[in-house]
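To start, the structure under review is shown below, and the notes come after it.
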Amino acid sequence: GIEFIDSYVFNKVEDIRFNSTVGKFVGYTEHGVKNAETWNKGSVLAQELGELERVCKPNADLHYSAILDKT
């Protein structure tokens, strides 16, 4: 399958990540964990899931077939 990852980096350290397989934000620092909890409860998660449906899924087949054509 195809996985969508959206990372948020602060001072060269990954702070928080959205992973489509997990379906929510995960924090990797103290600040990131707090933000992940907040983002997963509100409209930020809904917006991220909306982008996944609107942009990623329709285009995934196009990109995947283009990659396979090159191999």
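Gain in length, Cys56 to Tyr28, computed as 0.36 nm per residue apart minus the alpha-carbon separation, to one decimal in nm?
Working: separation 28, 0.36 × 28 = 10.08 nm, distance 2.41 nm.
Between Cys56 and Tyr28, full extension yields 7.7 nm more.
Rounded to the nearest 500 deg cm²/dmol, what is the calculated helix-only ellipticity per residue at 222 nm for the chain, with -39500 (n - 2.57) per DSSP H run of length n ≥ 4?
Helix-only estimate at 222 nm: -15000 deg cm²/dmol.
So between Leu49 and Phe10, what do we pick up on full extension, going 0.36 nm a residue minus the alpha carbon distance?
11.8 nm
What translational D, rounded to a whole number of µm²/s, comes out for the chain from Stokes-Einstein when the hydrodynamic radius is the Kirkwood one over Cα pairs, at 37 °C and 0.692 mPa s?
248 µm²/s
Taking the Cα centre of the chain as origin, work out the dipole magnitude from +1 charges on Lys and Arg Cβ and -1 charges on Asp and Glu Cβ, in debye rounded to 20.
Dipole of the chain, to the nearest 20 debye: 60 debye.
Here, each number is a calculation from the coordinates, and none is a lab measurement. Just so you know, these numbers come straight off a predicted model, no measurement behind them. Glycine also receives a Cβ, built like all others from the backbone with ideal geometry; neighbour counts cover every protein chain displayed.
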